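Notes for the one structure printed next.
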Amino acid sequence: MNELVFSGIQPTGNLHLGNYLGAIKNWVALQHKYRSIFCIVDMHAITVPQNPAELLHNVRLTAATYIACGIDPEKNIIFAQSSVPGHAELAWILGCSTPMGWLNRMTQFKDKVNTSKLELKDELKKIKANLNEYHEAFFLMRSKKARALASIKKSTDELESLIEDQNKVEKAELGLFSYPVLMAADILLYKTTHVPVGEDQKQHLELARDVAGAFNRQFKTEYFPIPEPMMADWTSARVMSLRDGMKKMSKSEESDYSRINLTDDANAIRLKIQKAKTDTERSVTKNLGERPEARNLLNIYCALANIKVGQEVWADNYSGLSNRWGGFGDFKKALADAVVSAIAPISTEIHRVMNDTSYIDSILKSGAEKAGAIAEKNMREIKRLVGFPVV
Ligand code: TYM
């Protein structure tokens, strides 16, 4: 069976504990079972403006992080997406069989430009209703008229901000919109069968599956395998911010205290965990369904300590761990120990590897050659299917 693993990370800064638990930790295990390709998706990174010198630094930093986490560059392919032209070529071909409606549904795009036409329509409806009310109010008491005016004012303010959001869509770059097609191309270019990612990439992966199906149907072929997602255990698949248990841990979050960077040293890690948001409940493990911050910290602990628990158990009151800690002080100390012992050695290794840029560049070069050879062969076959001359 021609099974192949492909995954990638955007080189937009330090990688963090979410990237590690949601993706890289899984890759490290998979590399022994599958042929694996781990990409640094720099073409995805430029969907938002990047400083060129920083981008190059971050590409190297991401490669160093893969290696420091335990990805073997001899056994697997590590390379930068922009070094293999097939990604952009295939993205164009796939874009020609992807309906815009599919891309419109992507929540990540919506989150980034923050809008929805439907909301605008609803808002207009509300204003009309309010205007009617205003009209009627002329014939009624003065106080009602005042209230009607206030509510119209509120609706128009809301409309104004929605129109502003609409402008953001008009200004949003094409690359940001078509990003999921490039991601589908990354995966399909190598005829990937398995894609290990965190939960936030699930929707993009479903699109990649749909795009593969659309191409196969259009060209009456079974050329592209339909790629299977491989999610980490649920305690790791969605690591949340240390400042807000409802937001995912992310490179773009402003406060550095919201995340554990894989480059953080033991002191920084301990400080961040000590400052991590909790709540006023004394017990660490009670009523976790209503306590996103406590739940997140416990999930991180379980992921690192390899404690397997069912999701339904958390929503309730998980008693299995309840006797372990007297309170958050105790628990946070155990959590900090677990994070330090997993991350501090990685951090040291990243700094060591980063000292040797020529080593990293040589890995990227040989990775690009190996990936390029597979991509070139596949692109010739894909071009033949499409009807392009293969010279
Ligand atoms: P990116 O760079 O945002 O994230 C890289 C990987 O880390 C996972 N991840 C998380 N997992 C758990 N908790 C979190 N808080 C968290 N934050 C990030 C992501 O799920 C991902 O697995 N579009 C992709 C990159 C990409 C790709 C691909 C992935 C481009 N082409 C092809 C797989 C296959 C992205 O932006 O990931």
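Got at least one residue in the range 74-88 being over 18 Å from ILE374 (Cα atoms), away from the ligand (no atom under 12 Å from the Cβ) and surrounded by fewer than 19 Cβ atoms within 10 Å (Cβ to Cβ)? No, the conditions are met nowhere in the range 74-88. Highlighted here are the helices (runs of 4 or more DSSP H) found entirely within the range 139-246 that include at least 1 residues which are more than 13 Å from the ligand (Cβ to nearest atom) and at pLDDT 95 or above: 202-218. Scanning the range 18-56 for residues that are under 21 Å from ASP233 (Cα atoms), of a type in the set (A, V, I, L, M) and within 8 Å of the ligand (Cβ to nearest atom) gives LEU21, ALA23, ILE24. Scanning the range 1-17 for residues being near the ligand (Cβ under 9 Å from one of its atoms) and more than 14 Å from the chain's Cα centre (by Cα) gives a total of 1.
Might you let me know whether the range 352-359 holds any residue that is under 27 Å from ARG243 (Cβ atoms) and either buried (at least 17 other Cβ atoms within 10 Å of the Cβ) or in contact with a Phe, Trp or Tyr (Cβ under 9 Å, 6 or more places away or on another chain) (or both)? The answer is no, given that none of the residues of the range 352-359 is under 27 Å from ARG243 (Cβ atoms) and either buried (at least 17 other Cβ atoms within 10 Å of the Cβ) or in contact with a Phe, Trp or Tyr (Cβ under 9 Å, 6 or more places away or on another chain) (or both). Beta carbons closer than 7 Å, at least 6 apart along the sequence or on distinct chains, pair a first residue in the range 249-261 that is in a helix (DSSP H, G or I) with a second that is within 12 Å of the ligand (Cβ to nearest atom) for TYR257/LEU242; SER258/SER241; SER258/LEU242; SER258/MET249. Scanning the range 362-391 for residues that are among the aliphatic types (A, V, I, L, M), over 21 Å from LYS75 (Cα atoms), out of contact with any Asp or Glu (no Cβ under 9 Å at 6 or more places or on another chain) and touching a residue at least 12 places away in the same chain (Cβ under 8 Å) yields a count of 2.
The values are calculated or read from the model by the stated rules, or taken from the named source; none is laboratory data. Small disclaimer: the values here were computed from a predicted structure and weren't measured. When we count neighbours, we look across all protein chains shown, and the Cβ atoms used for this are built from the backbone with ideal geometry, even at glycine.
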